[in-house]
Structures are given as structure tokens and as C-alpha cells.
Amino acid sequence: MSIEELKEVDARGFSVESHGHGHINLAASTTRSATDDLASSVNILTHIVGRAPRFLAYPWGRVTNDVENTVSNLGFVAAFTIGIRDGGLFARARIPIRRVNAAWQFRLQTSGYWPALRFSRIGYPIRAIAKAFK
């Protein structure tokens, strides 16, 4: 999104939060590289919307303990991963929604039941069926 678009959605009441600066895999990066990338994101978003981001959606959905510590030290309130159950404030489960999702998938994923279902025994066959319809 452009700077103007970020300002506009923020003015309309949407929260502009962080997804990192360079969309790097923070879990595969050095601590210094991850810190630099996240600090850049915080600085840029603070300049654009007038406040620091509170939340981070990890690019690539992966996280390590070092990255969690970095995220906490940079002042984030919480951060979100993909593919793992909740692991605390800086490793919360997030639900990826994609353009290719069918309407029934979207309804299920946004119902509030998806996180528990996703990691259950029945969740694996449902994901297999969903992949077959893509």
C-alpha cells in the first residue's frame, strides 16, 4: 500500500499494524537482521500513522525465541504466527485467508471455531478436502 493509502485506512478506523519491513523470514534471519527489519517497520509506520504499531504478523509465519524477545523489546503488544497453536503473546495463532478460498472455507475460518478445528484430528481431512478444491 502507498503512504496515502495507509493514512486513509488509518483515518477510517482500521488499525495499521506491522508485517515487517522487507518481508524476510525472521526465523531464518540473524538476530541483528531481524531487529533491523522490525525496527525499520516500527519507525516507518510510526512516521506514517503517528503511532507505533502494536501488533506484528510474522512474515512467513515463523518465529524463534530470539525473534519473540526482539518483538517484545521493540514494544509490540502481541505477534501472530501461522501453522502452530498459540504459544503466548508473541506466538499467537493466526488464520491465513487467501483469495482462492471458497466461500465455505472463508465462513469456517472466520467462524471462531477454526483454530481448534485446524489442529484436531478432523481438521487434517478438512484441510485435505479444501486443497483438493483449489
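The values are calculated or read from the model by the stated rules, or taken from the named source; none is laboratory data. None of the values given here were measured: they were computed from a predicted structure. Cβ placement follows ideal geometry from the backbone for every residue including glycine, while neighbour counts extend to all protein chains displayed.
As for the range 57-70, it holds no residue that is at pLDDT 85 or above, exposed (fewer than 12 other Cβ atoms within 10 Å of the Cβ), of a type outside the set (S, T, N, Q) and more than 14 Å from the chain's Cα centre (by Cα).
The residue that is modelled with the lowest pLDDT, among those in the range 73-102 that are of a type in the set (Lys, Arg) and either under 12 Å from the mean Cα position of the chain (by Cα) or surrounded by 13 or more Cβ atoms within 10 Å (Cβ to Cβ) (or both), is Arg94. Name the residues in the range 88-110 that are touching a strand residue (DSSP E or B) at 6+ places or on another chain (Cβ under 7 Å) and not in a strand (DSSP E or B), would you? Across the range 88-110, the qualifying residues are Leu89, Phe90, Ala91, Arg94. Scan the range 43-59 and tell me whether some residue there is closer than 22 Å to Phe119 by Cα, aromatic (Phe, Trp, Tyr) and part of a helix (DSSP H, G or I). No; the residues of the range 43-59 include none that is closer than 22 Å to Phe119 by Cα, aromatic (Phe, Trp, Tyr) and part of a helix (DSSP H, G or I). Taking the condition assigned by TED's automatic domain parsing to the domain that holds Gly87, touching a residue at least 24 places away in the same chain (Cβ under 8 Å) and not small (Gly, Ala, Ser), does Val9 pass? Taking the combined requirement at face value, the residue does not satisfy it.
Of the residues making up the range 50-90, just one is on the phi > 0 side of the Ramachandran plot and hydrophobic (A, V, I, L, M, F, W, C), namely Trp60.
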